[in-house]
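Structure record follows, encoded as structure tokens.
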Amino acid sequence: MEQEIITKFGQSLRGALIDRNHTEYDEARKLYNGMIDKRPLLIARCVDVADVITAVNFGRDQKLPVAIRSGGHNGPGHGSVEDGLVIDLSMMKGIRVDPSSRTVRVGPGCTSGDVDHATHPFGLAVPFGIVSTTGVAGLTLGGGSGHLTRKYGLTIDNLLEADVVLADGKFVTASKTSNADLLWALRGGGGNFGVVTSFLFQAHPVGMVFAGPIAWEQSHAREILRAYRDFIPKAPEELGAFVGLKMVPSTPPFPNEFWGARICLLVACYNGPEPDGKKALAPLLNALPPPALNWMSMMPFPALQSMFDGLYPKGMQWYWRGDFVKTLSDAAIDAHLQEAAKTPSELSLMHLYPTDGAVHRIGKQETAWSARDANWSMVIAGIDPNPQKAGAVTRWTKDYWAAVHPHDLAGGYSNFMMDDEGESRVKATYGENYPRLAALKAKYDPANLFRINQNIRPAP
Ligand SMILES: Cc1cc2nc3c(=O)[nH]c(=O)nc-3n(C[C@H](O)[C@H](O)[C@H](O)COP(=O)(O)OP(=O)(O)OC[C@H]3O[C@@H](n4cnc5c(N)ncnc54)[C@H](O)[C@@H]3O)c2cc1C
């Protein structure tokens, strides 16, 4: 591409245009997942909607592959693209809380921690994920599950409105009353339909929570997983509780004697006072052996949300696979135990996030996310700081997934996929909603400009 064209593009932006000669290039192209090393041609650091429109028009007219980046946490690194244009929204961080309507307007560059920080003084929170450094934009557009999901639904169930720059450069607002079909597609369909420049969320009363991790030695895992499976459907929705198989990291604050031990973990969050939380958990805990660790206590919700941030800094090797799970049979639990026992690194994990309660009260066809009958969203993540372990964590994740997948539903959460599972998995994830998504893709992005994602191809 001629330098003159690039210079003119840079001059038309308020934000910085970073090319391969820029001193910040190597820092700016880094993603959360250290396994991904892409070298884009240009990174447009947009600071406002005008910059986004200019960048979309430039990418399309110059026929560049275009990636949309917000928090940069995407597993396969869809926030960047080899030899293409990155539309980087990480600078667009505005937040406005409206306590009277309990709504929050959020810029696409915000992390969930940014929003928790802004809403907490109002005694409010939006249901996001479980690590505060994750970008709100990518998480929301994929669906979004976390501690508050059972009571308040997925993040998309709380998305009221979005401003979007479409592939042709037009700016539209998607809400229930304007471009309702686009809002439907954004609620789970990922970054396929345009660049979201602002989100409007419904927030809920959440302040201090009774929360934290409880861990048992993995020798008890079979009875814990079985008891947890039977307990969750009867538990009050104020209680969020995900279960996992992992190892205790060899680092403070974990007690020395547990470093490297294999554990079965429960991370619970009761949105209410401690006595009520203890009562809610009693049927489960009373039926189980005493845990090795119980760190549940009253804490501000943002403290829970950022509790695991330090364990998972930017730049480690990550390989993910997930599935939606309807029933956790005894045979499935046995398969989990067998594979989890082979974990190749201390940070690798398997988590089962409950997606029942409020998630089930929305119909399969009401949003792009169709897995409304799943009771859990499961993730297996092979993680290690050492790049030389990339092969080992990848192999472990794939083998683990192959062993448990026959017990699960066909699809999985799009935000827990890498880019090697093929189109059939994307189709399985959206199920009966796929044809409508493909038709909307043809309406809003007929040339598939936004294809660096879990791609939904435009219907012919
Ligand atoms: C440590 C960690 C913890 C996680 N925990 C959870 C969890 O608890 N719950 C959960 O649901 N998920 C969780 N995730 C998965 C997370 O939802 C995805 O990684 C998601 O892609 C992150 O969004 P991002 O904005 O940071 O990503 P980015 O890499 O910036 O973007 C990912 C993709 O989203 C799309 N996109 C991003 N911004 C926009 C935009 N403004 N407009 C249009 N499209 C856009 C694009 O297709 C882009 O390629 C976690 C991920 C990590 C790494």
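The values are calculated or read from the model by the stated rules, or taken from the named source; none is laboratory data. None of the values given here were measured: they were computed from a predicted structure. Don't worry about glycine lacking a Cβ; one is built from the backbone with ideal geometry, like all the others, and counts go over all protein chains shown.
Every residue, every condition in (1) among the basic types (Lys, Arg); (2) more than 15 Å from the ligand (Cβ to nearest atom); (3) under 21 Å from Glu366 (Cα atoms); (4) touching a Phe, Trp or Tyr at 6+ places or on another chain (Cβ under 8 Å), yes or no:
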{"residue": "Phe171", "(1), (2), (3), (4)": "no, no, no, no"}
{"residue": "Ala174", "(1), (2), (3), (4)": "no, no, yes, no"}
{"residue": "Ala185", "(1), (2), (3), (4)": "no, no, yes, yes"}
{"residue": "Gly189", "(1), (2), (3), (4)": "no, no, yes, yes"}
{"residue": "Gly194", "(1), (2), (3), (4)": "no, no, yes, yes"}
{"residue": "Gly212", "(1), (2), (3), (4)": "no, yes, no, yes"}
{"residue": "Glu217", "(1), (2), (3), (4)": "no, yes, no, no"}
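Annotation: Asp114 fulfils all but one of (1) within 14 Å of the ligand (Cβ to nearest atom); (2) of a type outside the set (A, V, I, L, M); (3) in contact (Cβ under 8 Å) with a residue 24 or more places away in the chain; the unmet one is (3). Look at the stretch 1-20: where a residue is within 17 Å of Ser90 (Cα to Cα) and a partner is among the aromatic types (Phe, Trp, Tyr) and modelled with pLDDT of 95 or more, sitting 6+ places away or on another chain with Cβ atoms under 6 Å, you get Ile18/Tyr25. Entry remark, the stretch 266-305: residues being closer than 18 Å to Val248 by Cα, part of a loop (DSSP other than H, G, I, E, B) and touching a residue at least 24 places away in the same chain (Cβ under 8 Å) number 4 in total.
Quick one: which of Glu346, Glu366 is of a type in the set (Asp, Glu) and closer than 24 Å to Gly142 by Cα?
On the way: Glu346 fails: closer than 24 Å to Gly142 by Cα.
The unique qualifying residue is Glu366.
Scan the stretch 324-346 and give yes if some residue there is farther than 20 Å from His405 by Cα, away from the ligand (no atom under 11 Å from the Cβ), surrounded by fewer than 21 Cβ atoms within 10 Å (Cβ to Cβ) and aliphatic (A, V, I, L, M), otherwise no. Among the residues of the stretch 324-346, not one is farther than 20 Å from His405 by Cα, away from the ligand (no atom under 11 Å from the Cβ), surrounded by fewer than 21 Cβ atoms within 10 Å (Cβ to Cβ) and aliphatic (A, V, I, L, M), which makes the answer no. Scanning the stretch 57-88 for residues that are near the ligand (Cβ under 7 Å from one of its atoms), outside any loop (DSSP other than H, G, I, E, B) and in contact (Cβ under 8 Å) with a residue 40 or more places away in the chain yields Ala67, Ile68. Across the stretch 95-111, the qualifying residues are those that are touching a residue at least 60 places away in the same chain (Cβ under 8 Å) and surrounded by fewer than 23 Cβ atoms within 10 Å (Cβ to Cβ), and the one among them that is nearest to Gly315 (Cα to Cα) is Arg105.
Of all residues in the stretch 408-417, those that are in a helix (DSSP H, G or I) and more than 13 Å from Met350 (Cβ to Cβ) total 2.
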